[in-house]
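Enquirer: Provided herewith is a single structure, encoded as structure tokens, for subsequent inquiry.
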Amino acid sequence: MFYTSMAVLGGDLRQCYLAEYMYTLGHDVNCFGTVPFPFSTAGGPSQAQSLQEALSESRLVIGPVPFSKDGSHLYQETAEARGRLSLDSLKDALRPGQILLGFGIPKALTSFCQKSGILVWDFQDSPKLARANAAFTAEGLLASVISETPFSLNGKKALLLGHGRCGQEIVKLFTKLNLSFTILDRDPEARALAEAPIRTLTEPELPALSMDFDLVFNTIPARLLSRQDIAKLPEHCVLFDIASAPFGFDLEHTGRKLVRCPGIPGKTMPRTAGEFLGKVIIERMLSYGL
């Protein structure tokens, strides 16, 4: 593998650990719009003063996870930086021959790159990264559940909304603590992945369901439970929402405690998540002879 110049843009602490990891491998790394970070490696990645400077000598341009939350700007965690990196400014700074990387790159930007001779690597299509991200999310969620509930998980009942990758990892981890699950999912294939004795159901079955759950985990950006459904939950039940907007619950949730946990890997294990992303990028680079 040849040493490569790359720009790391925006995001949360995952981007910083990613930048440091790539720097320790000998790559020339320029950061712009990342969160303040005390790089431990001597010298450390360069801090560009502008987007144009960051991209001027970079072959790879690495966007954040997620790439964008509003479809108009790169995601930046800090409030003071949020909204400063527009996708339009990124288009202006990119040039033919570069490679744009990210997780969930907007289709309009992908189309622009394809027409402009810019290669796009979207890691949303990487099963390896998706599986790892789901496992990191479940582990981080466990930390939040333990800190936000006044009871042991042993013997408790949980309702899981959505049985995709994250939902599957949540079940795998939490059942080890003797937590029992009921799964609600619209997709029959997702429901079929659940193993006995886990019960699965669809929305039409909700009215007949006894809502005696201690925990509710939502993993999808859709509201499967109505306010009437939530009102049937015990008062001690705690709702955890790991989905992106529009989330699984609104803030008016009839008095039950609601804990929103967006971007768990970037908050609870940014080093692990950032370095894992770096390893996935290196594998892709090797496959392209970079």
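Enquirer: Which of (1) open to solvent by less than 60 Å² (accessible area, probe 1.4 Å); (2) modelled with pLDDT of 95 or more; (3) closer than 24 Å to Glu139 by Cβ does Pro234 not meet, given it meets every other one?
Expert: (3)
Enquirer: Now for a different question. Pick out the one residue from Leu239, Leu225 that is in contact (Cβ under 8 Å) with a residue 60 or more places away in the chain and either in a helix (DSSP H, G or I) or not hydroxyl-bearing (Ser, Thr, Tyr) (or both).
Expert: So the residue among Leu239, Leu225 that is in contact (Cβ under 8 Å) with a residue 60 or more places away in the chain and either in a helix (DSSP H, G or I) or not hydroxyl-bearing (Ser, Thr, Tyr) (or both) is Leu225.
Enquirer: Right, something else. Restricting to segment 151-181, what's the tally of residues that are without any contact (Cβ under 8 Å) to a residue 12 or more places away in the chain and more than 24 Å from the chain's Cα centre (by Cα)?
Expert: Residues that pass the stated criteria total 1.
Enquirer: For segment 1-23: of the residues being surrounded by fewer than 24 Cβ atoms within 10 Å (Cβ to Cβ) and farther than 20 Å from Pro265 by Cβ, which is modelled with the lowest pLDDT?
Expert: The extreme case among them is Met1.
Enquirer: Here is a further query. How many of the residues in segment 24-57 are in a strand (DSSP E or B), in contact with a helix residue (DSSP H, G or I) (Cβ under 6 Å, 6 or more places away or on another chain) and open to solvent by 40 Å² or more (accessible area, probe 1.4 Å)?
Expert: 1
Enquirer: Which residues, counting only those in segment 210-231, are more than 24 Å from Glu169 (Cβ to Cβ) and touching a Phe, Trp or Tyr at 6+ places or on another chain (Cβ under 8 Å)?
Expert: Of everything in segment 210-231, just one residue is more than 24 Å from Glu169 (Cβ to Cβ) and touching a Phe, Trp or Tyr at 6+ places or on another chain (Cβ under 8 Å), namely Ile230.
Enquirer: If the Cβ limit is 9 Å and pairs must be 6+ apart or interchain, which residue in segment 81-105 that is assigned to a loop (DSSP other than H, G, I, E, B) pairs with which residue that is modelled with pLDDT of 95 or more and among the β-branched types (Val, Ile, Thr)?
Expert: From segment 81-105, the pairs are Leu94/Val61; Leu94/Ile118; Arg95/Ile118; Pro96/Ile118; Gly97/Ile118; Gln98/Val61; Gln98/Ile118; Ile105/Val120.
Enquirer: Of the conditions (1) surrounded by 14 or more Cβ atoms within 10 Å (Cβ to Cβ); (2) within 23 Å of the chain's Cα centre (by Cα); (3) in contact (Cβ under 8 Å) with a residue 24 or more places away in the chain; (4) not in a loop (DSSP other than H, G, I, E, B), Phe247 satisfies every one except a single condition; which number is it?
Expert: (4)
Enquirer: So in segment 150-199, with the set limited to residues that are farther than 21 Å from Arg256 by Cβ and β-branched (Val, Ile, Thr), which one is most open to solvent (accessible area, probe 1.4 Å)?
Expert: Filtering segment 150-199 for residues that are farther than 21 Å from Arg256 by Cβ and β-branched (Val, Ile, Thr), the one most open to solvent (accessible area, probe 1.4 Å) comes out as Thr175.
Enquirer: Let me ask another. Can you run down the residue pairs with Cβ atoms below 7 Å, 6 or more apart or on separate chains, where the first is in segment 111-136 and open to solvent by 40 Å² or more (accessible area, probe 1.4 Å) and the partner is among the basic types (Lys, Arg) and assigned to a loop (DSSP other than H, G, I, E, B)?
Expert: Final answer for the pair search is none.
Enquirer: Which one is nearest to the chain's Cα centre (by Cα), of the residues in segment 78-110 that are open to solvent by 30 Å² or more (accessible area, probe 1.4 Å), of a type in the set (A, V, I, L, M, F, W, C) and modelled with pLDDT under 95?
Expert: Phe103
Enquirer: Name the single residue that is modelled with the lowest pLDDT among those in segment 251-274 being surrounded by fewer than 18 Cβ atoms within 10 Å (Cβ to Cβ) and closer than 17 Å to Gly140 by Cα.
Expert: Pro262
Enquirer: Report the residue count in segment 200-214 for those that are surrounded by 15 or more Cβ atoms within 10 Å (Cβ to Cβ), assigned to a loop (DSSP other than H, G, I, E, B) and touching a helix residue (DSSP H, G or I) at 6+ places or on another chain (Cβ under 9 Å).
Expert: Number satisfying all stated conditions: 2.
The values are calculated or read from the model by the stated rules, or taken from the named source; none is laboratory data. Note that the structure is predicted; figures quoted are calculated from it, not measured. Backbone-built Cβ (ideal geometry, glycine too); neighbour counts: all protein chains shown. Protein only, heavy atoms only, side chains kept; ligands, DNA and RNA dropped before computing areas. Shrake-Rupley method; radii C 1.70, N 1.55, O 1.52, S 1.80 Å.
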